[in-house]
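The structure appears right after this line, and notes come after that.
The values are calculated or read from the model by the stated rules, or taken from the named source; none is laboratory data. This is a predicted model, so every value here is computed, not measured. All Cβ positions, even for glycine, are placed from backbone atoms using ideal geometry, and neighbour counts span all protein chains on display. The area values use the complete protein model at the heavy-atom level, side chains included, leaving out ligands, DNA and RNA. Shrake-Rupley method; radii C 1.70, N 1.55, O 1.52, S 1.80 Å.
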Amino acid sequence: MFSIHTYLLKGNSVIASELDLDHVHKGVILENIEHSFVDIRNELEVKQYFQTYKKFFREAILIKFNDDIIFDFTYYDLTLWSSFASLIEDFLATDSKATEETVHYQASISLENTDQDKVLFSVVKMNKIQLEIELPKYTFLRALVDGGLHYYTTMCNYGYSHISFTNMKSCYEELAVKLDNLIK
């Protein structure tokens, strides 16, 4: 039902060289995906990436729902998975609505309960709705948690064990337990 994959933006790409993300046209991003992003499933390419970029990663998360892309490369940001972790934590705590500001993209991502089994996922930038879709609540939350855990586990397995990554891996492990307890 859901497919989630993470990519890292190469610092020397056409996209990354633009300091103001508002000026990077969506078409430019989508035309330069293969040359600008590293798929974290490609261990050799990621390890080469680590030689150049050691501290901050701009992450792109590709989320598909029933083969339809609902979140794509145009939403890349610094520590995007960290923003999703905060969003999920807040949503699970309130079970009504949670919103999180992304670090660099200057957008907000939100989850809102629409009924017992559905959640409204939204992305808003400059007061304009970029994305708004109703999704199956626990399936979507589980997919996000699994995607975040996969990202941090993979990066740690590749040898990137910066304290922020090990902490976020633990955070996603805790979110998985919380989610499992809610579903039971």
*asked:* How large a share of the accessible area of the chain, in percent, is made up of carbon and sulfur atoms when the probe is 1.4 Å and the other protein chains stay in place?
replied: 49
*Give me the number: length gained by fully extending I69 to L131, i.e. 0.36 nm times residue separation minus the C-alpha to C-alpha distance, one decimal in nm.*
21.2 nm
_Residues I163 and H5, FRET efficiency given R0 of 22 Å [Cβ-Cβ distance, rounded to 0.05]_ = 0.30
*asked:* Helix 80-94 against the longest principal axis of the chain: what's the angle in degrees, Cα atoms only, rounded to the nearest 10?
replied: 10
*Which of the peptides 136-145, 34-43 is most tightly packed, and how do the rest follow, going by the mean number of other Cβ atoms within 10 Å of each residue?*
136-145, 34-43
*For helix 43-52, what angle does its Cα long axis make with the longest principal axis of the chain, in degrees from 0 to 90 and rounded to 10?*
60
*Sorted peptide list for 123-135, 168-180, 76-88, criterion being average Cβ within 10 angstrom, highest first*: 76-88, 168-180, 123-135
*Can you work out D for the range 23-102 in µm² s⁻¹ from Stokes-Einstein, where Rh is the Kirkwood radius over C-alpha pairs, the temperature is 4 °C and the viscosity is 1.567 mPa s?*
89
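May I ask for the equivalent-ellipsoid semi-axes of the chain, computed as the square root of five times each C-alpha gyration tensor eigenvalue and listed largest first in whole Å?
So the equivalent ellipsoid measures 26, 20, 14 Å along its semi-axes.
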*Taking the Cα atoms only, what angle lies between the long axis of helix 163-183 and the longest principal axis of the chain, rounded to 10 degrees?*
30
*If R0 is 35 Å, what FRET efficiency do you get for Q51 and H104 from their C-beta distance, rounded to 0.05?*
0.90
*In the neighborhood of T154, defined by Cβ-to-Cβ distances under 9 Å, what is the net charge if each Lys or Arg adds +1 and each Asp or Glu adds -1?*
0
*1.4 Å probe accessible area per residue over the chain, in Å²*: 52
